[in-house]
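Here's the structure, in structure tokens; my notes come after.
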Ligand code: HSE
């Protein structure tokens, strides 16, 4: 058998520890699959003394991950530190510059610097592999990069953040409030170190930017993504969604149309019959549509073992000498995308307003919608069945929910500015885009 591949693992959190453990547990099978043994020869982490339940007896410890990247006894660097800057970026750059392949789960790093890092990898003819960066254990990177060359893709969308899906599921199924559900997600190890990345939609945006590039053959354009998180979703919205036949999901959506590429991350009303609405808990899902494809991949999106399994798939590829262009085609040939801004988005809308309960207010609001050519599909003014509290206010307000037919984002924004100026509502309108089945 060929000489062993010597792997250095930088970052020993949930995923890093699982990588080291599984490489040990499945040593023989992986050696057969990889064509040579895979040995972890070096590791790096901030805290040496943490109990990780893995054997690090014969492994060199580096306090500095950049020195791990320079270690002569390391052929391939696995970067699981996280973060777009600092030690993660320094380690990946050092490894690539030294002509070593890199396997990473770092979506923030790729979203910010993926193009430059991929160019460096191409120049050095080494791998920059990142199956674990999106969708945890779902093989979505390989699928987009390698499996669909005969299909002109028009849309990629999905539930890309396990923490948000877990929170929304818990709010719906157990009637939990947002904070309690978030604490549970953190206790289970799903959430990012800074939960704002999850609940604010930024983690989804990082992942979406990578999928968009792979799906459409365009340069990563993360700044173009419209991002909303799930912080404003109330139990009242979840109860209303239930009454209307929807589930609320945080989606990342990228579409290619005549106007350019639209990339958006926001909570969406998904019809309960859509496969994405069936995806509960920490599970992720990605839908790909194109001239010859209509695929939904569903699987574990976070957690140690599924993410580690994706990391190991990349390690096995590298050990077999499979060095691909990280984004499928050379970076220099990726197109610069034309941006379709959110204002041009067209679709249905759920609009919840806390309306002052006086004669004529609903009619006045409907008039403001009509002025913008917004056609209403339904108007609900009733307390939902669930025991969700209406917004507290000193005036007597009731929740009024409008469901619109397809209209443009800019029309909705203009109508709501007028409604706000009329003074018939309390607080900010809640606007949730409806994601129709294709
Ligand atoms: N915090 C991420 C999530 C982890 O919840 O999906 C996987 O990227």
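Just so you know, all these numbers are worked out from the coordinates, no wet-lab data involved. These numbers come from a predicted model, not from an experiment. Quick reminder, even Gly has a Cβ in these numbers, built from the backbone with ideal geometry, and neighbours come from all protein chains shown.
Would you mind calculating the relative contact order of the range 53-204 from Cα pairs under 8 angstrom and at least 6 residues apart, reporting the percent as a whole number?
About 14 percent, as a whole number.
Modelled label-to-label distance, residue 381 and residue 358, 7 Å Cα→beta-carbon offset: nm?
Output for this residue pair reads 1.3 nm.
Hey, could you grab the Kirkwood Rh for the range 140-300? Inverse mean 1/r over distinct alpha carbon pairs, Å, one decimal.
Kirkwood radius, the range 140-300: 15.9 Å.
Report the extension gain between residue 414 and residue 26 in nm, rounded to one decimal, defined as 0.36 nm multiplied by the number of residues separating them, less their alpha carbon distance.
Stretched fully, the residue 414-residue 26 segment lengthens by 133.8 nm.
Given a Förster distance of 30 Å, report the FRET efficiency between residue 258 and residue 151 from their Cβ-Cβ distance, rounded to the nearest 0.05.
Efficiency, rounded to the nearest 0.05: 0.95.
Give me the distance between the Cα centres of the range 133-148 and the range 251-296, rounded to whole Å.
Rounded to whole Å, the Cα centres lie 15 Å apart.
Looking only at the chain, where both bridge partners belong to it, what percent of the DSSP beta bridges are antiparallel (to the nearest 5)?
The antiparallel fraction comes to roughly 65 percent.
Would you mind computing, in nm to one decimal, how far apart the modelled labels at residue 243 and residue 405 are, each placed 7 Å from Cα along Cα→Cβ?
2.4 nm
For labels at residue 125 and residue 55 in the simple 7 Å Cα→Cβ model, what's the distance in nm?
3.8 nm
Mind sorting 206, 113 by how few other Cβ atoms lie within 10 Å of their own Cβ, fewest first?
Neighbour counts put them in this order, fewest first: 113, 206.
Relative contact order (percent) for the range 213-297, with alpha-carbon contacts under 8 angstrom and 6 or more residues of separation?
Relative contact order for the range 213-297 comes out at 23 percent.
Restricted to Cα positions, what overall size does the chain have along the principal axes? Three whole-Å values, descending.
Principal-axis extents of the Cα atoms in the chain, largest first: 81, 46, 34 Å.
Share of antiparallel DSSP beta bridges in the range 5-133, in percent to the nearest 5?
DSSP beta bridges in the range 5-133 are roughly 0 percent antiparallel.
Specify the angular offset, from 0 to 90 degrees and rounded to the nearest 10, of the alpha carbon long axis of helix 107-124 from the longest principal axis of the alpha carbons in the chain.
Orientation of helix 107-124: about 40 degrees from the principal axis.
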